[in-house]
1. Filter segment 171-184 down to the residues that are more than 16 Å from LYS224 (Cβ to Cβ) and either in contact with a strand residue (DSSP E or B) (Cβ under 7 Å, 6 or more places away or on another chain) or within 15 Å of ligand 2 (Cβ to nearest atom) (or both) and list them by number.
2. Working only within segment 218-274, note down all residues that are among the aromatic types (Phe, Trp, Tyr) and in contact with a Gly (Cβ under 9 Å, 6 or more places away or on another chain).
3. Cβ-Cβ below 7 Å, separation at least six or inter-chain, first residue in segment 112-136 and closer than 23 Å to ALA1 by Cα, second modelled with pLDDT of 95 or more and not hydrophobic (A, V, I, L, M, F, W, C): which pairs?
4. Could you figure out which of (1) in contact with an Asp or Glu (Cβ under 6 Å, 6 or more places away or on another chain); (2) within 13 Å of ligand 1 (Cβ to nearest atom) isn't true of CYS298?
5. How many residues, within segment 431-454, are assigned to a helix (DSSP H, G or I), within 12 Å of ligand 1 (Cβ to nearest atom) and not aliphatic (A, V, I, L, M)?
6. Restricting segment 156-203 to residues that are under 30 Å from VAL30 (Cβ atoms) and among the β-branched types (Val, Ile, Thr), which is farthest from the chain's Cα centre (by Cα)?
7. With a cut-off of at least 3 residues that are crowded, with 21+ Cβ neighbours inside 10 Å and of a type outside the set (Phe, Trp, Tyr), name the strands (runs of 3 or more DSSP E) lying wholly within segment 219-309.
Amino acid sequence: ALMTGNEYVESLRKLNMEVYIFGERVECPVDHPIIRPSLNSVKMTYDLAQEPEYEELMTVTSHLTGKKINRFAHIHQSTEDLVKKVKMQRLLGQKTASCFQRCVGMDAFNACYSTTYDMDKKLGTNYHEKLKKYIIYCQENDLTVDGAMTDPKGDRGLAPSAQADPDMFLHIVERREDGIVVRGAKAHQTGMVNSHEVLVMPTLSMTETDKDYSVCFAVPTDTKGIKMIYGRQSCDTRKLEGSKVDVGNPKFGGHEALVVFDNVFVPNDRIFMCGEYEFSNSLVERFAGFHRQSYGGCKVGVGDVLIGATALISDYNGTKKASHIKDKIIEMTHLNETLYCAGIACSSEGHKTAAGSYEIDLLLANVCKQNVTRFPYEIARLAEDIAGGILVTLPSEADLNSKEVGHYVEKYLKGVATVPTITRMKVLRFIENLTLGTAAVGYRTESLHGAGSPQAQRIMISRQSNLEAKKQLVKDILDIDI
Ligand code: SF4
Ligand code: FE
């Protein structure tokens, strides 16, 4: 059954995760002031699913059980499903102005679904049925699953099995009758602390020598041996100061963690790849493809909010009638909608896999993500341009409230007379949050490196670009037959 947002929060509270911040174990991650805004973002994926207005985007009928489930647990059954996924992500970006984290599990489900099917067909293994059972379990209990792909990678010039430290890529250290034991780590894991489960996949194409590294499995996030070391974000400790203004976005955020798997036991029914190195490439490619599609939704939704904040601050600054301001906001919109175009295009141009599920058009998804590595930076630059230098020189809320200097802050930081100074400060801090603060992790650097760094997309674009066919077009027109 679908959980309400509050039920989700309570379900997380019951887990006994091993989480560290600033070198110390966190007693209750759910209530930690640095973590909580990121939890609120995931909670939104549950809250919106309860609202009739968003039912069609947020929920869907499971093809496995026929029951109503949250779309984040769904295996896409049509191109319409793929389009709705992107629309749902844009909506959530708009509602949170943050990374809402739950997509990595959805993208991992879908990548594993078609890959395990292909694997079983070719090798006679039995992973697909096991995975289906696992997906049903997650759908029925409305769980948040963290898809985990990126290994620390050590020396980038060496294969997993050639590393000085064998743990630089997560690998099998013991094969037992009832399962396997794994060791290694997954880096910058989005949403791990807010997830019930983690679905681990290999991070790159493997060869035969890397057999032990070709492993895919799922375990609960509070499994013994899993340790999460919370990632710092710019301005994160402002959340400990108690000012709702200075944090920029007092309600929502995102997070990443370094996740260590220190001899973690995985039971047989939770193993979906165990040495089948030939299929690691397809798993990686498909997951990356889905997640590159995802960015054509979530980043666009966050962009919508940033454009809104920029238009607001221009109202408050009294600059909204200047033609260059209007034009810059048009440019921001143009860039943001261009991202969306590719997100929608790679979805509606999707196709059916052998397993029956639907996947995106790979070329268009990579073009989508390549745009995402650039346009949010330009959108952020324009936002900073319009906001003005006050964005980074603004005194604190405490100064505004100070007996001695508060009235000066109130007086001199006023823009147009009808807008209270505090309101202008709030919007400036909000823009700061997205462009330089905690949310810049998601909006900027993650746009660059998340779902694969820019060069990874260029490799895929080059593979899919079909240059020979394009040359042939010319030859046909010019009657060249060599
Ligand atoms: Fe979802 Fe975007 Fe966050 Fe990835 S970056 S988990 S797609 S919100
Ligand atoms: Fe991401």
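The values are calculated or read from the model by the stated rules, or taken from the named source; none is laboratory data. Keep in mind it's a predicted model, so treat the numbers as computed, not measured. Here the Cβ is made from the backbone with ideal geometry for all residues, glycine too, and neighbour counts use every protein chain on show.
1. Across segment 171-184, the qualifying residues are HIS171, ILE172.
2. Listed by number, the residues that qualify are PHE261, PHE265.
3. If the second residue must be modelled with pLDDT of 95 or more and not hydrophobic (A, V, I, L, M, F, W, C), the pairs left are TYR113/SER357; LYS130/ASP269; LEU131/TYR113; LEU131/THR116; TYR134/ARG270; ILE136/THR65.
4. (1)
5. Here the count works out to 7.
6. VAL181
7. Answer list for segment 219-309: 256-267.
Per-residue answers, yes or no, for (1) over 25 Å from the mean Cα position of the chain (by Cα); (2) closer than 24 Å to THR223 by Cα; (3) of a type in the set (Gly, Ala, Ser); (4) modelled with pLDDT under 95:
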position	(1), (2), (3), (4)
VAL245	yes, no, no, no
LYS251	no, no, no, no
GLU256	no, yes, no, no
ASN263	yes, yes, no, no
PRO267	yes, yes, no, no
PHE272	no, yes, no, no
GLY275	yes, yes, yes, no
PHE279	no, no, no, no
GLU285	no, no, no, no
